[in-house]
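Asker: Pasting a structure here, questions to come.
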Amino acid sequence: MEAKQMRLFSGTSNPSLAEGMAKHLRRSLGKIEITRFPDGEIFVKIGEHVRGKDIFICQSVCHNPNEYLMELLIMIDAARRASAERITAVMPFFGYARQDRKDQPSVPITAKLVANLLVAAGADRVLSMDFHAQQIQGFFDIPVDHLYAAPVIVKYLKKKRLKKLIVVSPDPGGLKMAVAYAKMLGAGLAIVAKQRRGPTQVEAIHLVGDVAGSDAVMVDDLTTTAGTLCEAARLLKEHGARNIYAAVSHAAIVPMGIERLRKSPIKELVVTDSVPLRMTSDFPIVVLSVADLLGEAIARIHNNRSVTSLFRA
């Protein structure tokens, strides 16, 4: 497949990240018109020839997930009806991933519904990063390339030269991610047990591991209200942690989260640009770009090469 047959298009949720990916690929973004009718309906028109081409459509389903998900589905449908050879949905952040199971009666598994919608729209494969739950890959009957932000974040953390470093999972569900970070950083490991009292209320109740005198880095895939991170940080401080940092793949942060971070013992929040930050704050937030990581993955998928080496820091 010749390189000229690949085209990258962007939705409106995260155009700066898509621009970075296009720069890595040394090409311009594809021409596409995305507008709204007066009643809010989305209109999409691809502004160039895509018949027989390998199409990648970038969209993070965040901030306004219903709008951006529908926009993505319509873009995929437009490419399919324009006879694209293959369509890959590039979703740096996969929205609705927290609804991945029935944990109470009469609730949906919305992550599976989103997977079904993508396939029904015409997606041939999916490229994403740090799913909230690994089993989401199994919701698809099409190929899924699942990347990790860890290599990008670890490279930054190594430059900080933290002392007596310990990696902390702020909840038991993130243990596998914390183990991976600990191995890459050559650090110790600790786990915080939590109890969720509501959608925005979390209580950290127990710490497993010794953090006294350590620089602690909490790692997680997603934060919005920062409740889990801030409660875990409070517990770490009570147990003698020296400096506390947080590293999160997707920061769909809301004003409540910023306010909590200001009042917390967390010294710095490290995030990626998989979700664009839409507010300014005096709290120190470091944004690392995953454009090169995703761009390289696109190049390898297009050329039918392995993406496994991209998992390493």
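Asker: Using a Gaussian network model of the chain whose springs link C-alpha atoms within less than 10 Å, name the residue from Met21, Met279, Met129 with the highest mean-square fluctuation.
Answerer: Met279
Asker: So what's the angle, to the nearest 10 degrees on a 0 to 90 scale, between helix 175-185 and the longest Cα principal axis of the chain?
Answerer: The angle comes out at about 80 degrees.
Asker: Using a Gaussian network model of the chain whose springs link C-alpha atoms within less than 10 Å, name the residue from Phe131, Phe37, Phe283 with the highest mean-square fluctuation.
Answerer: The residue with the greatest mean-square fluctuation here is Phe37.
Asker: Let me check against my output: what whole-number percent is the relative contact order of the chain, with C-alpha pairs under 8 Å and at least 6 apart?
Answerer: The value is 15 percent.
Asker: Give the separation of the Cα centroids, the range 88-158 to the range 244-303, in Å.
Answerer: 18
Asker: If you fit an axis through the alpha-carbon atoms of helix 150-160 and take the longest principal axis of the Cα set of the chain, what angle between them do you get, 0 to 90°, nearest 10?
Answerer: The two axes meet at around 40 degrees.
Asker: Here's another thing I want to ask about it. From Cα pairs below 8 angstrom and at least 6 apart in sequence, can you work out the relative contact order of the range 150-288, rounded to a whole percent?
Answerer: Computed value for the range 150-288: 21 percent relative contact order.
Asker: Restricting to the chain, compute how many DSSP beta bridges are antiparallel as a %, nearest 5.
Answerer: Rounded to the nearest five, the antiparallel share is 20 percent.
Asker: Okay, moving on. Quickly rank 175-185, 68-78, 250-260, 99-109 as a protection proxy: mean count of other C-beta atoms within 10 Å, highest first.
Answerer: Going by the mean number of other Cβ atoms within 10 Å, highest first, we get 68-78, 250-260, 175-185, 99-109.
Asker: With springs only between Cα atoms under 10 Å, which of Gly188, Gly40, Gly138 fluctuates most in a Gaussian network model of the chain?
Answerer: Gly40
Asker: Which links in Lys45/Lys112; Lys23/Lys163; Lys31/Lys267; Lys23/Lys45; Lys155/Lys237; Lys23/Lys159 stretch past 31 Å when you go from one Cα to the other?
Answerer: Lys23/Lys163; Lys31/Lys267
Asker: Subtract the Cα-Cα distance of Arg101 and Arg161 from 0.36 nm times their separation in residues, and report this length gain in nm to one decimal.
Answerer: Residue separation times 0.36 nm, minus the Cα-Cα distance, leaves 17.7 nm.
Asker: What aspartates and glutamates sit close enough to Lys176 to cross-link, taking a C-alpha to C-alpha distance under 16 Å and skipping anything fewer than 8 places away on the same chain?
Answerer: Asp130, Asp220, Asp221
Asker: Between Arg300 and Glu238, what FRET efficiency comes out of the Förster formula 1/(1 + (r/R0)^6) with R0 = 51 Å and r the beta carbon distance, rounded to 0.05?
Answerer: E(calc), rounded to 0.05, equals 0.65.
Read the figures in this text as sums done on the coordinates, not as results from a lab. This structure is a prediction, so every number in the text was calculated from the model and none was measured. For neighbour counting, all protein chains shown are included, and Cβ atoms are generated from backbone atoms with ideal geometry for every residue, glycine included.
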